[in-house]
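One structure below.
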Amino acid sequence: MARPAFRAGTVHVRAPATCANLGPAFDAAALALALYDEAMARIGDDGLVLDVAGEGADEVPRDDSHLVARAMSTVFGRLGGQPRGIELVCANRIPHRRGLGSSAAAIVSGVLLARALVVGGETALPDAEVLALAAELEGHPDNVAACLLGGLAIAWSGDGGAEAVRLEPNPAILPAVLVPPATASTGEARDLLPEQVPHADAAFNAARSALLVTALTAQPAALLAATEDRLHQPYRAVSVGESAALVSKLRGTGLPAVVSGAGPTVLVLARTPAEVGAALEQAPEGWRAEQVAVAATGAHLVR
């Protein structure tokens with residue numbers, strides 16, 4: 001493969017937050033939310049120059065191990081070679097380690113930035129391959145699919161890597177997020193999952209996942225039943241105890257509440273402004289609670 005030619009000038013990517021699993025659809029569905037990270041990059045003179053502001057700015061590395069930079073490096077390698085240097089600026093609004101897809105947004109941003117900086121990048125790395133590569137870097141496809149496509153994404157892994165379809169959520173659905181000050185680790189949360197589950201629980205979740213698609217797109221009245229889960233939230237409750245208790249409390253009042261991703265953020269799929277208000281009122285002291293619109297479009301270059 002010939003060494004790539006790089007574009008002059010700055011490229012700018014905007015990537016939305018995502019809420020994965022949505023109750024029963026573990027590693028298979030996610031919703032994009034209109035809360036965005038932004039990243040800007042251009043070819044530099046030598047090495048990596050990185051500036052980070054906003055969420056997680058005091059926690060993330062400032063070297064090649066930064067997730068956006070790592071994703072960019074992977075893409076450059078696949079497209080033929082690394083540039084002499086990169087100047088990268090990240091403005092983060094998605095809370096880190098809260099189950100809102102900050103790592104997916106970083107990976108997707110890095111992939112799209114690097115592709116845009118290579119002449120002919122969109123031809124050499126088409127959208128289907130962007131999804132597969134981002135899922136490979138993330139380790140599962142649901143968050144990156146929703147981040148790339150916007151709306152509601154249903155994702156799966158096939159022989160050629162990750163694939164996804166985008167569905168339009170019912171406009172009556174009004175997501176609300178309740179974000180605690182505490183953080184959680186996706187890796188640690190996955191370690192709590194058993195290697196085997198009862199057949200009855202698998203059948204239960206299969207039925208609820210099928211219902212979830214209908215509830216999110218056509219029949220929001222079914223969301224309370226559609227967001228029931230037996231495969232991951234019960235096992236992870238020990239690691240996000242306050243969030244699990246809040247989910248139980250909210251569901252007891254008839255609100256479709258779930259743990260977002262691995263948590264600890266709680267997502268409520270409200271259907272009326274009154275339900276939004278009822279959900280936000282239940283946020284414990286010190287938690288950030290707000291209604292967030294569904295992101296109609298996924299990650300994209302800002303022109």
So which pairs qualify, if the first residue must be in region 19-46 and free of Cβ contacts under 8 Å to residues at least 60 places away in the same chain and outside any strand (DSSP E or B), the second must be of a type in the set (D, E, K, R) and surrounded by fewer than 18 Cβ atoms within 10 Å (Cβ to Cβ), the Cβ gap must be under 7 Å, and the two must be at least 6 apart or on different chains? GLY44/GLU87; ASP45/ARG84; ASP46/ARG84
How many of the residues in region 269-286 are among the hydroxyl-bearing types (Ser, Thr, Tyr) and more than 10 Å from LEU174 (Cβ to Cβ)? 0
Taking the criterion of being surrounded by fewer than 21 Cβ atoms within 10 Å (Cβ to Cβ), of a type outside the set (A, V, I, L, M) and assigned to a helix (DSSP H, G or I), would at least one residue in region 109-119 satisfy it? no
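So which of LEU211, LEU193, LEU167 ends up being surrounded by fewer than 22 Cβ atoms within 10 Å (Cβ to Cβ), closer than 30 Å to ALA128 by Cβ and without any contact (Cβ under 8 Å) to a residue 24 or more places away in the chain?
LEU211
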Would you point out the residue of region 169-211, among those that are among the hydroxyl-bearing types (Ser, Thr, Tyr) and within 18 Å of the chain's Cα centre (by Cα), that is nearest to GLY298 (Cα to Cα)? THR186
Restricting to region 266-303, name every residue that is exposed (fewer than 14 other Cβ atoms within 10 Å of the Cβ) and assigned to a helix (DSSP H, G or I). PRO273, ALA274, GLY277, GLU281
When restricted to ASP37, ASP45, ASP58, the only residue outside the structural domain of ALA189 (by TED's automatic domain parsing), of a type in the set (Asp, Glu) and buried (at least 18 other Cβ atoms within 10 Å of the Cβ) is ASP37
Per the list (1) modelled with pLDDT under 95; (2) over 22 Å from the mean Cα position of the chain (by Cα), residue check on ALA221 breaks on (1)
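The values are calculated or read from the model by the stated rules, or taken from the named source; none is laboratory data. The model shown is predicted, which means the values in this text are computed figures rather than measured ones. A quick note on method: Cβ atoms are made from the backbone with ideal geometry, for glycine too, and the neighbour counts reach across all protein chains shown.
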